[in-house]
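Asks: Quick one: the structure is below, and I'll ask about it shortly.
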Ligand code: PHE
């Protein structure tokens, strides 16, 4: 057997003995690499006689081509085998019992309540407006006819932030009413907006949280009067609680930014310790409202002789507690999954805003 034949049979044996792609790569380098055995053969050609050189040169090149082909074939086989092994290792055992599911998520009752409130007003043609949580004194108080030293400022238990360069203290808005001002200063009448958002007051017990939510409403236009306010809010209360003949009462009240002002109560019964909405002859206060004060209209650049309108504001937590029977306001923010599972909503159940609210019932 010639040297080349011997070399070939050694290399073929090594290729067949390679059982992994890594081993095969070693063989390839050993045979075909720059410093490999076949290159070494080619380098010896220079020292041969010309007639020998031609023959040996051809033989070495044939060997090189054969070995290259054999390595390629072996590579294909080993890759297929590796893939097969991987697939069988990772095969799913469909007979295994399923892992316990974490369950579907639930929509927080506050998000749900905000959806419901805004959907009812969207059906009445209101647009949603929003404003910043950190407000200036002007938007939160002064423009709303609550000048410095006004006692209403104390009642709001305001959180003040560090004064800015001009020495004025930004506030965490104590109500959503500053968005009324922002909207009127930005656009001409008519206005019809509903404003859901977070509000802040330094107060904490079973019915108060330092952060809570309100929904504000504002309607401005030609000839808007108290009758519009009443009709709009009666419709809202009946739709929200799903009681067609729900008694609704307007009780004179005071807010610096509305004149006249009215608190809105709904009929209920407290007999036997439980609260029943829409039955009995008791009353429950659920929102504040009034005709926008002429001074507020003027502060926002509107002419109170030409346009007027009404505004209202409601606490979202309070409405959610009443509608869904949630006894303690603090539990809204405890992030307790068991609570959410009980009081939360399956998200698919939520009506899309643009289609309005068709089903006000809890799931
Ligand atoms: N901003 C009032 C509050 O926080 C609610 C309100 C809004 C009353 C608009 C009248 C008109 O109590």
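The values are calculated or read from the model by the stated rules, or taken from the named source; none is laboratory data. Since the structure is predicted, the reported quantities are computational estimates derived from the model, not experimental observations. When we count neighbours, we look across all protein chains shown, and the Cβ atoms used for this are built from the backbone with ideal geometry, even at glycine.
Asks: From the list 288, 301, pick out the single residue that is assigned to a loop (DSSP other than H, G, I, E, B) and assigned by TED's automatic domain parsing to the domain that holds residue 119.
Replies: When all the criteria are applied, what remains is 301.
Asks: Residue 242 passes all but one of (1) more than 27 Å from residue 152 (Cα to Cα); (2) free of Cβ contacts under 8 Å to residues at least 60 places away in the same chain; which number fails?
Replies: (2)
Asks: Output the number of residues of the stretch 127-154 satisfying the condition of being in contact with a strand residue (DSSP E or B) (Cβ under 8 Å, 6 or more places away or on another chain), crowded, with 20+ Cβ neighbours inside 10 Å and either farther than 10 Å from residue 178 by Cα or not assigned by TED's automatic domain parsing to the domain that holds residue 316 (or both).
Replies: Counting residues in the stretch 127-154 that are in contact with a strand residue (DSSP E or B) (Cβ under 8 Å, 6 or more places away or on another chain), crowded, with 20+ Cβ neighbours inside 10 Å and either farther than 10 Å from residue 178 by Cα or not assigned by TED's automatic domain parsing to the domain that holds residue 316 (or both) gives 1.
Asks: I need the full set of residues from the stretch 8-31 which are in contact with a helix residue (DSSP H, G or I) (Cβ under 6 Å, 6 or more places away or on another chain) and outside any loop (DSSP other than H, G, I, E, B), in order please.
Replies: Those that are in contact with a helix residue (DSSP H, G or I) (Cβ under 6 Å, 6 or more places away or on another chain) and outside any loop (DSSP other than H, G, I, E, B): 8, 11, 14, 15, 21, 24, 27, 28, 31.
Asks: Further, regarding this structure: Whether any residue in the stretch 253-268 is in a loop (DSSP other than H, G, I, E, B), within 16 Å of the ligand (Cβ to nearest atom) and assigned by TED's automatic domain parsing to the domain that holds residue 154 is what I want to check.
Replies: Scanning the stretch 253-268, I find at least one residue that is in a loop (DSSP other than H, G, I, E, B), within 16 Å of the ligand (Cβ to nearest atom) and assigned by TED's automatic domain parsing to the domain that holds residue 154, so the answer is yes.
Asks: Given the options 287, 233, name the one that is at pLDDT 95 or above, within 12 Å of the ligand (Cβ to nearest atom) and over 22 Å from residue 174 (Cα atoms).
Replies: 233
Asks: Could you please find all residues in the stretch 258-309 being surrounded by fewer than 15 Cβ atoms within 10 Å (Cβ to Cβ) and on the phi > 0 side of the Ramachandran plot?
Replies: Passing the criteria: 272, 273, 280, 301.
Asks: Quick check on this structure: which one of 91, 85 is under 53 Å from the mean Cα position of the chain (by Cα), modelled with pLDDT of 85 or more and surrounded by fewer than 16 Cβ atoms within 10 Å (Cβ to Cβ)?
Replies: Criteria check complete, one pass: 85.
Asks: So, one more: Under 7 Å between Cβ atoms, at least 6 apart or on separate chains: pull out the pairs that start in the stretch 126-151 with a residue that is farther than 15 Å from residue 199 by Cβ and end on any residue that is more than 14 Å from the ligand (Cβ to nearest atom) and assigned to a strand (DSSP E or B).
Replies: Cβ pairs passing all conditions: 126/192; 127/192.
Asks: Here's a follow-up. Of all residues in the stretch 17-43, how many are within 59 Å of the chain's Cα centre (by Cα) and in contact (Cβ under 8 Å) with a residue 24 or more places away in the chain?
Replies: Looking only at that region, the number is 7.
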